[in-house]
Amino acid sequence: MKASDLFVRALEAEGVEYIFGIPGEENLDLLESLRESPIQLILTRHEQAAGFMAATYGRLTGKVGVCLSTLGPGATNLVTPAAYAQLGAMPILIITGQKPIKTSKQGKFQVIDIVDMMRPITKYTSQVVSGDRIPSVIREAFRVAQEERPGAVHIELPEDIAAETTSAKLLEASLVRRPIAEYKAISRAVDMIEQATSPIILIGAGANRKLTSKMLREFVDKTRIPFVSTQMGKGVLDERDDLFIGNTALSDGDFVHQALSKADLIINVGHDVVEKPPFFMKHGGTKVIHVNFETATVDPVYFPQLEVTGDIANSIWQIKEKIARQSHWEFSFFKQVHKAYTEHRGESEDDDRFPILPERFVKDIRKAMPADGIVTLDNGVYKIWFARNYPAAQPNTLLLDNALASMGAGLPSAMAAKMVYPEKPVIAVCGDGGFMMNSQELETAVRLNLHIVVIILRDNAYGMIKWKQANMQFGDYGLDYGNPEFVKYAESYGAKGWRIESTQALIEQVEHCLEEEGVHLIDVAVDYSLNDKTLNHTIRELSEKL
């Protein structure tokens with residue numbers, strides 16, 4: 001059997017549905033092997049978009065997303081998606097080509113050491129040096145990519161190895177069960193929670209995987225302990241619940257941080273060090289229980305008193321089975337925090353000014369989307385508003401990146417989400433800066449006949465950096481740019497373009513685009529002028545009065 005045929009069969013055995021990417025001449029044997037495979041090649045217009053799509057596929061399914069490039073510049077274009085998946089805990093396999101390794105026909109043309117380049121940003125990277133090694137290399141890559149904590153792996157398949165003959169057989173995947181927490185740790189956690197006066201649950205990125213949502217729901221229903229979420233922990237529990245206190249979108253100074261500071265015990269579920277710490281521990285201060293797949297990474301502001309290490313869902317289930325709701329628990333301050341947070345939020349959510357305020361925009365998108373609808377975000381200051389103000393009702397229905405926080409991922413993520421869940425409405429929200437970094441993928445979306453809505457928040461500048469610039473009291477400099485005429489730009493790719501001329505028109509247009517098949521782009525002018533005042537001053541001043 002040709003080695004490239006074996007490579008494809010190994011991918012099929014792992015359950016691969018799609019390969020996202022752009023082949024080159026070094027991939028042609030592999031491409032020919034894919035021609036007769038049930039695996040679908042999704043040809044993109046840039047390798048970075050292919051990597052973002054593969055990572056989002058992995059994030060949503062828990063299976064390994066696969067992307068492909070040639071050597072040299074194609075491989076370097078996958079560095080950002082590799083880091084995106086690695087920091088965001090998304091299982092992804094990156095396959096790159098290479099010149100022949102047994103003989104040289106072109107010297108060093110386009111040749112760089114891709115394996116070493118990928119080493120710092122992946123869990124596993126390997127060059128296939130023999131067709132006989134393909135089954136074990138692929139099986140190991142998939143095992144490592146999916147193992148907690150999930151992440152990126154890389155395989156380089158040289159041109160001559162892909163073309164050689166091999167008699168190697170596929171390997172069966174081993175059955176792996178995640179370890180569960182030790183019973184003494186569970187008992188100690190129950191004791192600490194029952195003895196606390198004002199415990200609170202903090203839901204982090206690691207909780208947005210496996211069966212954690214179901215078990216946490218049962219735990220909260222039994223105990224009625226309030227909860228908060230980090231940006232990448234949104235939606236694990238329904239944030240429309242009265243027990244939801246808020247999201248830690250800001251690093252500090254928000255209403256939610258007042259609740260965390262008054263808690264005497266934080267049950268930290270799925271903490272991930274890639275996210276900014278939403279609270280700062282002090283010696284003799286609030287106690288913390290670390291519930292996670294892995295042990296805690298201790299630093300000057302995070303040193304939990306108890307670690308419950310093992311499958312998170314099982315740990316929460318064990319604690320739930322043993323715990324009893326306590327009459328001395330006191331949550332009145334948390335309710336006061338939630339009331340102040342929602343009252344302040346409501347003041348700007350109903351503002352009709354145009355260009356639209358981000359708070360009003362978030363409210364209208366929430367109103368237009370059903371509970372299971374998926375919103376994917378690119379990276380910009382609107383991400384803070386969505387994290388803070390958008391009540392996610394189900395896991396992985398608000399896809400944002402608070403790990404690498406790369407621009408350019410919003411549109412590709414929406415495309416992958418629609419492929420995974422064709423029955424669900426999908427909206428990509430992008431700043432004009434982030435959208436233009438992978439805007440060419442509109443053609444890919446049209447070619448794939450996807451029904452997605454892309455909303456561009458246009459401020460003709462890098463708004464997130466402007467916000468920081470203003471906060472540091474620096475002058476307005478170096479962050480403004482021009483934009484294409486977005487409606488015509490969309491239409492040139494075969495998509496449908498729309499422009500919003502008033503705030504009141506937004507929700508009607510979004511609802512229309514969600515109903516009508518096709519790729520839709522909506523151009524919305526946004527007003528970020530109040531960001532500095534609201535996020536850096538008003539919220540801090542109001543929360544400090546509690």
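Here, each number is a calculation from the coordinates, and none is a lab measurement. The structure presented is a predicted model; accordingly, all values stated were derived computationally and were not measured. Quick reminder, even Gly has a Cβ in these numbers, built from the backbone with ideal geometry, and neighbours come from all protein chains shown.
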(message) If packing is taken as the average count of other Cβ atoms within 10 Å, what order do 497-505, 278-286, 169-177, 124-132 fall into, highest mean first?
(response) 124-132, 497-505, 278-286, 169-177
(message) Helix 183-195 against the longest principal axis of the chain: what's the angle in degrees, Cα atoms only, rounded to the nearest 10?
(response) 30
(request) Pairs to check: Lys222/Lys282; Lys99/Lys488; Lys418/Lys468. Give those whose C-alpha atoms are more than 32 Å from each other in this structure. (result) Lys99/Lys488; Lys418/Lys468
(request) Can you tell me the dipole magnitude for the chain around its Cα centre, using point charges on the Cβ only (Lys, Arg +1; Asp, Glu -1), in Debye to the nearest 20? (result) 1300
(message) How charged is the neighbourhood of Leu87? Take every other residue with its Cβ under 14 Å from the Cβ of Leu87, and add Lys/Arg as +1 and Asp/Glu as -1.
(response) +1
(message) Between Ser174 and Glu12, what is 0.36 nm times their sequence separation minus the Cα-Cα distance? Round to one decimal in nm.
(response) 56.7 nm
(request) Lys and Arg at +1, Asp and Glu at -1: add these up for the other residues within a Cβ distance under 14 Å of Gly431 and post the number. (result) -4
(message) Could you compute the net charge surrounding Thr44? Neighbours are other residues with a C-beta less than 15 Å from the C-beta of Thr44; K and R count +1, D and E count -1.
(response) 0
(request) Could you tell me which of rounded, prolate or oblate describes segment 13-65, using a ≥ b ≥ c as the square roots of the eigenvalues of the alpha-carbon gyration tensor, with rounded for a/c under 1.5 and, failing that, prolate when a/b is larger than b/c and oblate otherwise? (result) oblate
(request) Name the shape class, rounded, prolate or oblate, that the alpha-carbon gyration tensor gives for segment 183-333, where a ≥ b ≥ c are the square roots of its eigenvalues, rounded holds for a/c under 1.5, and otherwise prolate holds if a/b is larger than b/c and oblate otherwise. (result) rounded
(request) Kindly express, to the nearest 10 degrees and within the range 0 to 90, the angle between helix 506-515's C-alpha long axis and the longest C-alpha principal axis of the chain. (result) 40
(request) Enumerate the amide H contacts of Phe20 below 5 Å, restricted to partners 5 or more residues apart or on another chain; note that Pro and chain-start residues carry no placed amide H. (result) Ile42, Val66, Cys67, Leu68
(message) Please give the charge dipole size of segment 183-333, origin at the Cα centre, charges +1 on K and R Cβ atoms and -1 on D and E Cβ atoms. Round to the nearest 20 debye.
(response) 260
(request) Please list the radius of gyration and Dmax for the chain, considering alpha-carbon atoms only, with Å as the unit. (result) 24.3, 78
(message) Pairs of alpha-carbon atoms within less than 8 angstrom and 6+ residues apart define the contacts here; what relative contact order does segment 3-163 have, in percent?
(response) 27
(message) Antiparallel versus total DSSP beta bridges in the chain: what percent is that, nearest 5?
(response) 5
(request) Kindly rank 262-270, 80-88 from highest to lowest mean number of other beta carbons found within 10 Å of each residue. (result) 80-88, 262-270
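Please list 251-259, 363-371, 112-120 highest first by mean number of surrounding beta-carbon atoms within 10 Å per residue.
Per-residue mean Cβ counts within 10 Å order the peptides as 251-259, 363-371, 112-120.
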(message) If I take every Cα pair under 8 Å that is 6 or more residues apart in segment 350-537, average their sequence separation and divide by the length, what percent do I get for the relative contact order?
(response) 26
(message) Can you give me the angle between helix 410-420 and the longest principal axis of the chain, using Cα atoms only, in degrees from 0 to 90, rounded to the nearest 10?
(response) 80
